[in-house]
Amino acid sequence: MSNVGVCPVCDGTKRVPAGDSKYKSVIAGYDKITDTFGCNNCGGQYMFGSPSGKVKLRADGTPCEHQYVSRYVARCLTEYFCVHCADKYQIDSGD
């Protein structure tokens, strides 16, 4: 049994619609041709990460649409935990 499934946010495409943001063209990861951003549910949320189209499964076996809570670790370092599947990552914001 696999512990990953297709990302429910991007349906495995690794991209999500950019929407109507006035400044989307200057946001990292924006693709003008497809009018999309990289998915921040299946890997794009990680520091230096890229979307994979796959996510961990929740306890009920469904692919997780992450809901993260943050925890201060140290100066400029924050850790994020998903409340549904225990996925976690850290962001070092630097100074």
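The values are calculated or read from the model by the stated rules, or taken from the named source; none is laboratory data. Note that the structure is a prediction, hence the values are computed from the model and not measured. Positions of Cβ are backbone-derived with ideal geometry, glycine not excepted, and every protein chain shown enters the neighbour counts.
Here is how the numbers come out for the structure above:
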item	result
Tally of residues being over 22 Å from Thr36 (Cβ atoms), not polar (S, T, N, Q) and not in a strand (DSSP E or B) across segment 48-94	12
Qualifying residue in segment 10-17 (condition: of a type in the set (A, V, I, L, M, F, W, C) and either loosely packed, with under 15 Cβ neighbours inside 10 Å or at pLDDT below 95 (or both))	no
Subset tally (residues that are at pLDDT below 95 and hydrophobic (A, V, I, L, M, F, W, C)) for segment 60-76	3
In segment 38-55, residue surrounded by the most Cβ atoms within 10 Å (Cβ to Cβ) [restricted to those that are at pLDDT 95 or above and touching a strand residue (DSSP E or B) at 6+ places or on another chain (Cβ under 6 Å)]	Cys42
Matching residues, segment 30-47, being more than 13 Å from Cys10 (Cα to Cα) and in a loop (DSSP other than H, G, I, E, B)	Tyr30, Lys32, Ile33, Thr34, Asp35, Gln45, Tyr46, Met47
Test set (1) at pLDDT 95 or above; (2) outside any loop (DSSP other than H, G, I, E, B) - Ser25 fails condition number	(1)
